[in-house]
Structure formats: structure tokens, C-alpha cells
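The values are calculated or read from the model by the stated rules, or taken from the named source; none is laboratory data. Computed from a prediction, not measured in an experiment: that's the story for all the values here. Using ideal geometry, Cβ is built from the backbone for each residue, glycine included, and neighbour counts are taken over all protein chains shown.
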């Protein structure tokens, strides 16, 4: 199977693990630091900058847009990881930190979407770094397992596939 597709799938799965970590860690922040996390801030910032007559999304639409954007970015960056032919958990963890740095110290503040991470409280940065470590590690492990499955379980190697007659008690030979 195409490695980029496996990377995108792994990126989605890793984003799920990351989202859980972010949610749980966010609840542990002091109340003054518990403002919306960056995925929500990014979508909110982008929706406010749209010209009229489009109004900013609210409520469920905002949550849906945030989830779709977050998982889409996770899939895209997962595919980019797969394209680089990295192997192992350590490169995955390092890639997660690199994605955090490139995003929150680089292109996001550069595009004037959010303030850079240096202007956010240290605990929030620690939360986001931890979440990106979870993401990168899960990405690398998921990609490794999906590659193994596509080579073994989902391939035509090994025993040939037999046609099955759904109505029969035994497979046809």
C-alpha cells in the first residue's frame, strides 16, 4: 500500500491520541490558562478574518471545523513524515516536536494567525509539547504497524486466497 496513505492514516490515529492527551492535560491547567487550545484558537482566528457576508462559525459548527482542521493537519503531517522514510519511535517523537516548533514558532505566528508560543504561559507550552510527543510517537508506531499489516495481513503473500461461497458451510476449493 502507498506509504503516504499509511502515513496519513497514522497521522489521523495519532491525532486522536494527541487530542485525548490535550483534553486531559488542559483540565489540569490553572483556570487563568484554560483558554481554548491552539486548534480551536486557529479556527476561530481564521473564521473571524473571513470577509462578509460569511460570519464566524459558532457552537457545534466551530467544534466540527476545529476537529476537521486538526485531524486534517495531523493526516497531512503524517503523510509528510512517511514521505521522509523515517523509522522508529525516536524520529517520530522528534518529528512531533519539530511540527510543534514549525507551527507555533513559525508559520502560524508568521501568518498572523496566533501569537508565537513564546507569548503563551510555560505550562500551556509544556502541554502542547507533551501532546506533540504523544502524536509523534503514536505516528511512528502506527505507521510501522500499518506497514507490517499491509505487507502481511492485507497482501497476497503467503497462502492464496480462496473464493468463499457465502451460503456454503465450507469454503470452496
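Filter region 41-86 for residues that are at pLDDT 85 or above, surrounded by 15 or more Cβ atoms within 10 Å (Cβ to Cβ) and more than 19 Å from residue 131 (Cα to Cα) and give the result.
Passing the criteria: 44, 45, 46, 62, 65, 82.
Among the candidates 91, 122, single out the residue that is out of contact with any strand residue (DSSP E or B) (no Cβ under 7 Å at 6 or more places or on another chain) and surrounded by 13 or more Cβ atoms within 10 Å (Cβ to Cβ).
Residue meeting the stated conditions: 91.
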